[in-house]
Each structure stands twice: as structure tokens, then as C-alpha cells.
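Student: Before I ask anything, let me first share the structure, which is written out below as C-alpha cells.
The values are calculated or read from the model by the stated rules, or taken from the named source; none is laboratory data. In this text, all values refer to a predicted model and were calculated from it rather than measured experimentally. With ideal geometry, Cβ positions are generated from the backbone for all residues, glycine too; neighbour counts draw on all protein chains shown.
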Amino acid sequence: MKIPRKLIEKELDVKDVEILNRLTDPAFFGEFEGVIVQKLAKECGISVKKVEGRIKALKDKGVINNFSAVVDQLKVWDNMIFTFVKVSLSPPLIEESMVEKYPTGWVEIGKVLEEFIKNDDTAKKILREEYTLIGTEWDLLIITSTNDLNEHREMFERLTRKGFISMARSMFPIEGAPYIYRPISCPPVEEVKRALEEIKKRLEKD
């Protein structure tokens with residue numbers, strides 16, 4: 001077990017970590033969803049029922065993942081790792097039973113990654129984000145955060161055994177260098193209003 005250096009530097013104790021865990025647990029905020037919905041209904045000028053319906057629709061579309069506090073990863077984890085991955089969509093020379101399971105497209109690779117995360121305890125613990133890339137020689141970006149680099153290494157060893165990773169390079173933020181962390185954002189309301197009005201005008205002209 002690695003000693004969590006960042007937590008010690010920030011003088012965070014066990015109770016602080018308990019609070020952070022509760023604040024990042026969607027189930028915790030679920031207890032207060034009724035209060036949140038009522039406040040949104042009042043501020044947006046629509047009924048509680050309509051707010052509930054819109055929130056459900058946003059969740060169903062994947063726009064809202066959950067309600068939780070936003071914790072700066074670099075403040076609480078000793079290591080934040082950005083791993084760029086090169087993928088091979090051609091199955092290697094292995095037995096036929098393995099080839100049948102080999103992902104040959106981006107949709108299949110996405111499914112393999114989802115299944116891997118669901119069944120790998122370490123991935124559940126340390127994997128934060130994953131993106132398929134374009135405009136670069138790398139195909140995937142996987143972001144992890146952990147206090148123990150062995151967790152990251154061992155997870156990638158298991159993932160590499162799936163066969164489609166041909167190369168991976170990990171990078172770390174420079175310790176003490178300034179950085180910007182703004183994980184939550186959405187288009188400003190006024191900007192969206194202007195865009196919709198412009199679309200309406202163009203449709204009326206046509």
C-alpha cells in the first residue's frame with residue numbers, strides 16, 4: 001500500500017476523505033434530488049414535473065452522467081496519467097477461437113473497453129476517462145489517477161492481453177507546474193438562444 005503523498009501535503013485526514021467519497025457518490029446526491037428539482041423549477045420558470053422529465057431525458061441521452069461534487073484529481077491523487085494508445089484493427093496470428101473475439105472496428109473496441117472496465121476492479125478504481133482520437137498518430141487516450149503506479153501498469157498489462165494494443169505511451173503532468181482544470185462546462189444560455197434564433201430566421205427565409 002502506497003502512502004498517499006498528496007493527501008498528506010494537503011493535510012487531509014480520514015474524515016476529509018470520507019466527505020469527499022460521499023460527495024462524489026451519485027447515491028448521496030440522489031437523496032437531495034427533490035430539493036434540487038424544486039430549486040431548478042423555480043429558477044427556470046417551469047413545473048417540477050417538467051424539470052423531472054427533462055432531467056430524466058438528459059440522463060437517458062447520456063448528457064448528464066450523475067450528480068456529484070467535482071474533485072480536482074491532481075489535488076487528491078499522487079499520479080494522474082495520460083496514456084496514448086495505438087490500436088491494431090487486424091487480428092494477430094493466433095488461434096481461430098481468439099480471432100473470432102478480436103475487435104476489428106472502433107465500435108467493437110469500445111465494447112471491449114466497456115466490458116473490461118466492468119469486470120476489472122482496478123479499472124473501476126483508477127480509470128477516469130477514455131476517448132477515441134482523430135488527427136493524430138494515436139488512436140485512444142486513456143486517463144487514470146492512482147496513488148500506486150503498479151495499479152496502472154498491471155491494469156494496462158491485462159488490457160494489452162486483449163490483443164488490439166500495438167503501442168502505448170504514458171505521460172504525466174509536471175509536478176508544481178500551473179494547470180487549468182475545468183471539467184464541467186456547457187454552452188452559455190444566451191449563446192444557444194442566439195443560435196436558435198438565427199436558425200429560425202434562416203428557415204423562415206427559405
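Student: Kindly indicate which of Val37, Val14 is surrounded by 14 or more Cβ atoms within 10 Å (Cβ to Cβ) and β-branched (Val, Ile, Thr).
Tutor: Val37 is the lone residue from the list that is surrounded by 14 or more Cβ atoms within 10 Å (Cβ to Cβ) and β-branched (Val, Ile, Thr).
Student: Restricting the search to the stretch 148-177, which residues are free of Cβ contacts under 8 Å to residues at least 40 places away in the same chain and either more than 22 Å from the chain's Cα centre (by Cα) or within 26 Å of Asn66 (Cβ to Cβ) (or both)?
Tutor: Correct list: Glu151, Met155, Arg161, Glu175, Gly176, Ala177.
Student: Within the stretch 59-71, track down each residue that is within 14 Å of Pro26 (Cβ to Cβ) and either more than 16 Å from the chain's Cα centre (by Cα) or among the polar types (S, T, N, Q) (or both).
Tutor: Within the stretch 59-71, Asn65, Asn66, Ser68 meet the criteria.
Student: Quick check on this structure: which one of Ile180, Ile134, Ile174, Ile184 is modelled with pLDDT under 90, exposed (fewer than 10 other Cβ atoms within 10 Å of the Cβ), on the phi < 0 side of the Ramachandran plot and not in a helix (DSSP H, G or I)?
Tutor: Ile184
Student: Condition test on Ile55, is it touching a Phe, Trp or Tyr at 6+ places or on another chain (Cβ under 8 Å), at pLDDT 90 or above and surrounded by 14 or more Cβ atoms within 10 Å (Cβ to Cβ)?
Tutor: no
Student: Working only within the stretch 17-34, note down all residues that are loosely packed, with under 12 Cβ neighbours inside 10 Å, among the charged types (D, E, K, R) and assigned to a helix (DSSP H, G or I).
Tutor: Once the filter is applied, which keeps residues that are loosely packed, with under 12 Cβ neighbours inside 10 Å, among the charged types (D, E, K, R) and assigned to a helix (DSSP H, G or I), the stretch 17-34 yields only Glu18.
Student: Still on this structure: Out of Arg5, Arg22, I need the residue that is in contact (Cβ under 8 Å) with a residue 60 or more places away in the chain and either closer than 27 Å to Asn150 by Cα or in contact with a Lys or Arg (Cβ under 7 Å, 6 or more places away or on another chain) (or both). Which one?
Tutor: Within the list Arg5, Arg22, the selection yields Arg5.
Student: Looking only at the stretch 80-90, count every residue that is part of a strand (DSSP E or B) and either farther than 12 Å from Pro173 by Cα or at pLDDT below 95 (or both) and tell me the total.
Tutor: Qualifying residue count for the region: 4.
Student: Moving on. Just to be sure, is Lys61 over 24 Å from Gly176 (Cα atoms) and basic (Lys, Arg)?
Tutor: So Lys61 fits the description; yes.
Student: Now for a separate question. Is it fair to say Thr122 is outside any helix (DSSP H, G or I) and modelled with pLDDT of 95 or more?
Tutor: The answer is no for Thr122.
Student: Quick one: how many residues across the stretch 38-62 are assigned to a loop (DSSP other than H, G, I, E, B) and closer than 17 Å to Val189 by Cβ?
Tutor: Residues flagged as assigned to a loop (DSSP other than H, G, I, E, B) and closer than 17 Å to Val189 by Cβ within the stretch 38-62 amount to 2.
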